[in-house]
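*Asks:* To start, I am sharing the structure in question, which I have written as C-alpha cells.
The values are calculated or read from the model by the stated rules, or taken from the named source; none is laboratory data. Computed from a prediction, not measured in an experiment: that's the story for all the values here. Quick reminder, even Gly has a Cβ in these numbers, built from the backbone with ideal geometry, and neighbours come from all protein chains shown.
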Amino acid sequence: QYIANEANREDGCTGHFWEGRFKSQALLDEKALAAAMAYVDLNPVRAGISETPETSDFTSVKTRIKSLRKDEASAPSLFPFAGNPRNDMPDGLPFHLLDYLELVDWTGRQIRTGQCGHIESTQPPMLERLGLDTHAWLRICTKIEKGTLIGSAAAIQSVLPQLNRQRRTGLQIP
C-alpha cells in the first residue's frame with residue numbers, strides 16, 4: 001500500500017495502483033498486429049534511449065536481428081515469421097521478417113511532432129545496416145529454384161558433413 005500511495009502522490013492521482021496505466025486493445029488483423037509490434041519495438045528509439053532498432057536493448061526486433069546474424073531459422077522464445085500463406089492460417093506471424101524490419105525502419109524515420117526520438121534520416125536503410133546486400137538478396141530470391149543448398153557461407157559449410165559433401169556450392173546469401 002505504501003508503494004501505491006507514493007506512486008499516486010507522484011502522479012497526482014487517486015485510485016487503485018496501476019489504474020489507467022495499462023490498457024487492453026483488441027488486435028483484429030495482421031495490420032494491427034504489425035502496428036503493435038512496431039510500436040513496442042520502437043519504444044527505445046522514441047524515448048531517445050537508442051538510435052536504431054538493432055541497438056535497442058530488450059526488444060524482440062533486436063533479438064530477431066541477432067538470430068538473423070547467427071543464421072538461426074527463428075529467434076528463440078519468439079513466435080516465428082511464416083510469410084504470407086494463401087489459404088491456411090500460418091504457424092507463425094503472417095509476414096516476412098525482412099518486410100517487418102523494413103516497416104520498423106520506415107516507421108522509426110518518420111518525424112513525430114512533440115516526441116524526442118526517431119531514426120535519423122542520415123542513417124542508411126536497416127537492411128544495409130544489417131549488411132544485407134539488396135542486389136545479392138534479389139538475385140537469391142529470383143534464382144532460388146536453381147540452388148540445392150541456400151544460406152550463408154557458414155550455414156552451407158556446417159551442413160556439408162551431414163550431407164557427405166566436400167565442396168561448398170549453392171546460393172550463398174552474403
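*Asks:* Could you tell me whether any residue of segment 129-141 is crowded, with 18+ Cβ neighbours inside 10 Å and at pLDDT 80 or above?
*Replies:* No, because not a single residue in segment 129-141 is crowded, with 18+ Cβ neighbours inside 10 Å and at pLDDT 80 or above.
*Asks:* For segment 93-103, which residues satisfy the criterion of being at pLDDT below 85 and more than 18 Å from Asp71 (Cβ to Cβ)?
*Replies:* Residues satisfying the conditions are Leu93, Pro94, Phe95.
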